[in-house]
Amino acid sequence: MSKSIDVLSEEIDELLLRKLELMQEKVQKNVQMETLLKDGHIELAKAKYIRGKENISILQVPNNEDTVTSLFDLETNVNDNDEPAVCFDISLKKSSSETDEPKDPVKWFGVLVPQNLRKSQKRFQESIYLAVKIANVQAELTSVLSKLKALHIEKDNLCSANDVKT
Amino acid sequence: MALHSAGKGKLLAVIGDEDTCVGFLLGGVGEINKHRQPNFLVVDKNTAISEIEDMFKRFIKRDDIDIILINQNVAEMIRHVIDSHTQPIPSVLEIPSKDHPYDASKDSILRRAKGMFNPEDIH
């Protein structure tokens with residue numbers, strides 16, 4: 001056996017603390033997300049009130065592949081040996097040329113849209129950035145959990161091996 | 001993780017009620033690919049649970065989707081499918097909806113994390 005029980009227990013303690021921190025961070029970020037989404041929904045509702053509820057709905061979203069393209073560029077990095085195994089990063093897509101510049105989704109709902117719709121768009125975009133942060137916390141939490149599981153098994157084995165000896 | 005690899009230009013998927021979908025599409029996450037498959041699903045009271053399950057499984061299989069946003073009340077309907085998804089990619093995020101506030105005790109990841117304190121607690 002390479003590690004003693006004390007070393008193992010210390011590692012487990014550290015990871016447990018990290019796990020608690022991550023859980024707290026996730027809950028905090030989720031509460032933040034809730035506030036952002038609430039604001040977004042309220043602005044969307046105001047825009048609906050001004051334009052009529054039929055004019056701002058999922059039916060206005062076009063269903064051909066040319067008009068509906070993501071404005072965001074989500075980047076995923078996977079590293080096998082480093083701490084957080086998966087890391088997400090998001091940025092706005094850079095337009096390569098003027099011709100295929102992604103269209104602003106606000107235009108689906110008309111040319112002169114209420115200011116509230118733009119405000120709502122901003123809130124939802126902020127929540128997208130926050131979602132990526134939460135995804136990173138979740139990824140680290142998952143890796144901490146699997147490490148803890150492995151350490152617990154190692155410690156159990158070590159304990160039972162010691163029991164046999166004595 | 002044979003399907004999912006590191007890379008750029010990945011997408012977020014949305015499963016939720018109409019307002020959540022409209023909001024995020026307005027934010028600019030929507031994309032319809034060449035096979036005319038959208039990366040969002042609007043769930044209303046007429047949507048069958050099997051339909052949500054199928055769409056969720058399809059999103060997991062697609063290699064261009066790395067984060068799935070799902071309303072927590074919708075997630076509750078297909079909880080067993082979400083609990084069985086343990087791969088790090090795509091990451092499944094439960095978000096509150098307009099009429100259902102966020103409940104941390106229902107969140108799959110937090111429940112999994114809490115379960116490790118006390119094995120008897122896993123429901």
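The values are calculated or read from the model by the stated rules, or taken from the named source; none is laboratory data. What you are looking at is a predicted structure, and each value in this text was computed from that prediction instead of being measured. All Cβ positions, even for glycine, are placed from backbone atoms using ideal geometry, and neighbour counts span all protein chains on display.
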Return the pair list, or none, for Cβ contacts closer than 7 Å from residues in region B:30-48 that are more than 9 Å from every other protein chain (Cβ to nearest Cβ) and closer than 22 Å to A:Phe124 by Cβ to residues that are of a type outside the set (A, V, I, L, M, F, W, C) and assigned to a strand (DSSP E or B), at least 6 apart or on different chains.
B:Val43/B:Gly16
Qualifying residue in region A:60-83 (condition: in a helix (DSSP H, G or I) and at pLDDT 85 or above):
yes
How many residues are out of contact with any helix residue (DSSP H, G or I) (no Cβ under 8 Å at 6 or more places or on another chain) and farther than 15 Å from A:Trp108 by Cβ if we restrict to region B:38-55?
8
May I ask you to list the residues in region B:87-102 that are in contact with a Phe, Trp or Tyr (Cβ under 8 Å, 6 or more places away or on another chain) and either part of a strand (DSSP E or B) or more than 7 Å from chain A (Cβ to nearest Cβ) (or both)?
B:Pro90, B:Ser91, B:Glu94, B:Ile95
Within region B:45-78, residues being of a type in the set (Val, Ile, Thr), over 20 Å from A:Thr142 (Cβ atoms) and buried (at least 22 other Cβ atoms within 10 Å of the Cβ) number 1
Go through region A:21-59 and report how many residues are of a type in the set (Ser, Thr, Tyr) and either in contact (Cβ under 8 Å) with a residue 40 or more places away in the chain or not in a helix (DSSP H, G or I) (or both).
1
Identify all residues within region A:59-71 that are within 7 Å of chain B (Cβ to nearest Cβ) and surrounded by 15 or more Cβ atoms within 10 Å (Cβ to Cβ); write none if there are none.
A:Val61, A:Glu65, A:Val68, A:Thr69, A:Ser70, A:Leu71
Residue list for region B:79-95, filter: farther than 17 Å from A:Val137 by Cβ and buried (at least 20 other Cβ atoms within 10 Å of the Cβ):
B:Ile82
Residue list for region B:55-72, filter: in a helix (DSSP H, G or I) and either more than 12 Å from the chain's Cα centre (by Cα) or in contact (Cβ under 8 Å) with a residue 40 or more places away in the chain (or both)
B:Met55, B:Phe56, B:Phe59, B:Lys61
Look through region A:109-145, keep the residues that are of a type in the set (S, T, N, Q), surrounded by fewer than 22 Cβ atoms within 10 Å (Cβ to Cβ) and facing chain B (nearest Cβ under 9 Å), and return whichever of them is nearest to B:Gly28 (Cα to Cα).
A:Gln125
